[in-house]
Amino acid sequence: MCVTVQTTNVVALDNQALQLVTLTNQQGMQVQFIDWGATWVSCIVPVGNEKREVLLGCQLADYAKQGVYLGATIGRYANRIANSQFEYQGKTIKLTANQNEHQLHGGLIGFDKQRWKIEQTGEKCGENFVIFSLISSDGEQGFLGKVKVQTIYRLTEDNALLVEFKAVSDRDTPLSLTNHAYFNLNNAENGSDIREHFLQLNAEQFLPVDSQGIPNAPLKSVQNSSFDFRQAKAIKQDFLQAEQQLTKGYDHAFLLDQQREKTCAILTAPDRSLCLTVSTSQAALQVYTGNYLQGTPTRCGGEYADYTGIALETQALPDTPNHPEWWQYGGMLKAGETYHHWTKFQFS
């Protein structure tokens, strides 16, 4: 195993050079991260005799400019909060809007657009991890409370990446953290149609949304709908049916079945050469089929097209601050309590 930290010659929006962290295991799997947005920028997996890039990404200089959250740590609240406000304890909390009148992924300057500190790596103790930390000030993007956050990436010897989020706040606050990696198990370098992949989900309910991704109905059964992935199927099989037409594809939260094992999603390459199994402690999974990736720069100087990567974002349900009936599934952190969730990305 190997951990390296490199100062690059690429400068971010704060005029400081990006730090690049590389973790490599004995099987030859390699993952890389930068301290801007605590972003996961590369994931190279051994497949037969090749080393295959499975994560959509761009050149380092483009990470601060691209607008689709490639590999970034998302906070303070992943997904959308309707009308950029919510009622809490008799008060209206107004947030910074960045998607029309709504807030998406934490606002104009979310956790993805900030410099994180490399707090610790496993370099000296012979372990394969890196810990990024961030302090979000009281009032940032409208949120109450000072929040101390850690994102921990750990590479295992069986070709899995474990992502942990830990946080504590001095005031009650909405908090839902996720990683916004886009996967393509066949061709992440240039992108190929992700709808050729097979997907299976451990979910019996999904959340309908309007054209802006705001929940507009209660949780709904996947039975007899295009949202039924309880058995593996090609993503293209029921694509753009019913509710999907509003969002140009899948961009919906699924409530995970808490009675089963922690596995929440299995993504399989079209030729079945590689499989990604996602497991998590979170209550929900946002499935986004890259409906608006067109024009996003690649690592090679080209551009991705729509539907060339899929994001499997473990998180709380969207707009939970406005839905007390969903608080049981997480998304609201009490002052002094510890937020701790994990997601495991297992490649085989």
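The values are calculated or read from the model by the stated rules, or taken from the named source; none is laboratory data. What you see is a predicted model; the values in this text were computed from it and never measured. Cβ coordinates were reconstructed from backbone atoms using ideal geometry, including for glycine residues, and neighbour counts include every protein chain displayed. These area figures cover heavy atoms from the full protein model, side chains too; ligands, DNA and RNA do not enter into them. Shrake-Rupley method; radii C 1.70, N 1.55, O 1.52, S 1.80 Å.
Structure data summary
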read-out	value
Listed residue pairs exceeding 30 Å between alpha carbons, taken from K220/K262; K113/K344; K117/K233; K65/K91	K117/K233; K65/K91
Projected-area mean, segment 1-125, by convex hull of Cα positions, square nanometres	10.3 nm²
List C2, C300, ordered by accessible area with a 1.4 Å probe, largest first	C300, C2
Carbon and sulfur %, accessible surface of the chain computed with the full protein complex present, 1.4 Å	46 percent
Largest-first ellipsoid semi-axes for segment 235-283, taking √(5λ) over the Cα gyration tensor eigenvalues, angstrom	22, 18, 8
Inter-probe distance in nm under a simple model that places probes 7 Å from Cα toward Cβ, at E50 and W327	5.1 nm
Fully extended contour minus Cα-Cα distance, from D138 to A61, at 0.36 nm per residue	24.7 nm
Cα-projected label distance for R272 with I118, points at 7 Å along beta-carbon direction, nm	4.2 nm
Per residue solvent-accessible surface (Å²) - the chain, probe of 1.4 Å	39 Å²
Calculated [θ] (222 nm, deg cm²/dmol) that DSSP helices of n ≥ 4 give over the chain, each run adding -39,500 (n - 2.57)	0 deg cm²/dmol
Cα centre as origin, Lys/Arg/Asp/Glu Cβ charges: the chain dipole, Debye	340 debye
Segment 244-342: trypsin sites (Lys or Arg not before Pro) falling in loop per DSSP and having at most 15 other Cβ within 10 Å	K248, R260, K262, R272, K334
Loop sites in segment 66-129: trypsin sites (Lys or Arg not before Pro), DSSP, at most 12 other Cβ within 10 Å	K124
Partner aspartates and glutamates for K236 [C-alpha distance under 19 Å; skip if fewer than 8 residues away on the same chain]	D193, E196, D228, D251, D271, D306
